[in-house]
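First up is the structure itself, then whatever we jot down about it.
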Amino acid sequence: MESELVEEMKFMSPSTLLNASNIGELKITISSTPSPHLLDSNIPKTPKSPFSAKILMSPLASPMKKALTYMEEIGQLTKLHDPQDAWLPITESRSGNAYYAAFHTLSSGVGVQALLLPLAFITLGWIWGIISLSLIFMWQLHTLWLLIQLHESVPGMRNSRYLRLSMAAFGEKLGKILALFPTMYLSGGTCVTLIMIGGSTMKIFFQTVSNSDNNIIHMSTIGWYIVFTVSAIVLAQLPNLNSIAGVSLIGSISAVTYCTLTWVISVVKERPEGASFEPVENKSDVARICSILNAIGMIAFAFRGHNLVLEIQGTMPSNLTNPSHVPMWKGVKFSYSIIALCLFPLAIGGYWAYGNLMPNGGILSALDKYHGEDTSKVILGITSLLVVVHCLTSFQIYAMPVFDNLEFRYTSNKKKPCPWWLRTGLRIFFGCLAFFISVALPFLPSLAGLIGGIALPVTLAYPCLMWIMIKKPKTYTPSWFVNWSLGVLGLVLSVLLVFGAIWTIATQGMDVHFFKPQ
């Protein structure tokens, strides 16, 4: 009798189950039913790579080997309807927890783009700089909460990918148009940028700690890009998002440490001569407006990682009594408390230390320029090494949605999981493609303002509009008013940032050079 009921439930939607006449009896029956993995032993599992199994598995992040023996609630029926989730890197392991969520969120939420925050204060000044940083921080924290709640907007149905949630909210075609490019850019484009920054910082590290007659420091920038890319590809053989939790922990510690070291050293050292806090004068009102927009764009772009929140939450188990949004929100609150303790002192302390003398490379460039001679090589070397480690670890979490999308194409066509050799080949292919783009388009970071403006709605606008489309709050209620206002404001801000970036490029020019990384 129970087996017949289970077979019937495989083809029932969660809404049908929730509308059952005797929900109490149904829950008792389900709770004594084996897990989806045990119910359907014919569903093939993703073959494990012998490399990841033997030498690459993170001890801290190894997914739990104990299979679930019982279904606790109706929410666990998701895998009965979508066995493909068990084949893809993001959702094949659902043994995540609040700690893993904190590691992933912190590693992806703090990055080298935060080192540019003092540049925004040069245009905005003290008061408006702090106000803008505070408002955008609270804004993106609100949209994070919305995404976490929307992950399971319908019991039993999980939106474990940003693109899927966008399609559920705006429709399949419009959802793809709005979210596909920004999310893929934030993943793939960030990996390209990490190769550039990581490879260049590797070169600086060896120049700092090695003797001048050491041949290794004379290697070209492209050579260092290759070293970084190979290291990233080897680390990318870890099978899924849960398996890199230990890697994310290392990346989180590295990011927090080098951010803290950078602003502490800058504040402790003597301020360079000529540093002032007078606002930079612009030749025209349009130039001034564009400078302000560019500064706001720098602050907004410092808070990245929203395209990964649903994916991180998708690694957690969930049911009606213990929904995944509870541990996810705990992990996010902890991680963003640490992020605030990194970004606010970095922006305020960096601007206090260098003022208008801050170079375009940010506070790390300022530290090297003004205090490179009077700072211990050990400290400078450790800071550079931490940047490299964080770039390597961030590469893994930002590349995971790309890996997931590539395998989704294969599993959709073949109706079976990727063999381990194909999974390895896809990850090598992506690493080589990212390396090629980093070498071919070394001026790509100069377009960060333009592309950041295009991707900004993913962080500040889309979550508010998706909440309205899915939750449908009553008209003129606080939830309706706040989310409509923030959603429209985010879209307008995105358009203004794109305009400002184009104007800046047109008036100031851009050094375009192909296949010549500096």
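The values are calculated or read from the model by the stated rules, or taken from the named source; none is laboratory data. Since we're looking at a predicted model, the values are computed, not measured. So basically every Cβ, Gly included, is an ideal-geometry build from the backbone, and we count neighbours across all protein chains shown. Heads up: the accessible areas ignore ligands, DNA and RNA and are worked out on the full protein's heavy atoms, side chains in. Shrake-Rupley method; radii C 1.70, N 1.55, O 1.52, S 1.80 Å.
Once the Cβ-Cβ distance of LEU320 and VAL482 is raised to the sixth power relative to R0 = 41 Å, the FRET efficiency obtained is 0.90.
Each of TRP484, TRP139, TRP421 has its accessible area taken with a 1.4 Å probe; listed largest first, they run TRP421, TRP484, TRP139.
Share of pairwise Cα-Cα distances greater than 20 Å in segment 110-235 is 67 percent (whole percent). Ordered by solvent-accessible area of protein heavy atoms (1.4 Å probe), largest first, the residues PHE514, PHE303 come out as PHE514, PHE303.
For GLU311, the accessible area of its heavy atoms, probed at 1.4 Å with every protein chain present, is near 10 square angstrom.
For segment 313-440, what is the accessible area per residue in Å² when the probe is 1.4 Å? Here the residues of segment 313-440 average 40 Å² of exposed surface.
In the complete set of protein chains, residue-level accessible area for LYS416 is approximately 100 Å², probe 1.4 angstrom. In this model, which of LYS333/LYS471; LYS173/LYS472; LYS173/LYS474; LYS415/LYS474; LYS176/LYS471 are farther than 30 Å apart at the alpha-carbon? In this structure, LYS415/LYS474 exceed 30 Å between Cα atoms.
You can think of it this way: the chain between LYS377 and PHE499 has 39.7 nm of extra reach, that is 0.36 nm per residue less the Cα-Cα gap.
VAL492 exposes around 70 Å² of accessible area when a 1.4 Å probe is run over every protein chain in place.
Summing +1 for each Lys or Arg and -1 for each Asp or Glu among the other residues whose beta-carbon sits under 10 angstrom from that of LEU406 gives +1.
Computed extension length for ILE226-LEU489: 90.5 nm, one decimal, from 0.36 nm per residue of separation with the Cα-Cα distance subtracted. If you take the alpha carbon atoms of segment 368-488 and fit the smallest convex hull around them, that volume is 211 Å³ per residue. Taking only protein heavy atoms and a 1.4 Å probe, the accessible area of segment 173-320 is 64% carbon and sulfur. Accessible surface computed residue by residue for segment 99-200, with neighbouring protein chains in place and a 1.4 Å probe, gives 33 Å² per residue. The largest accessible area among HIS218, HIS513 belongs to the first residue in HIS218, HIS513, and the rest follow in falling order (1.4 Å probe, all chains). Per-residue extension of 0.36 nm, minus the Cα-Cα distance of ALA287 and LEU444, leaves a gain of 54.3 nm for this segment.
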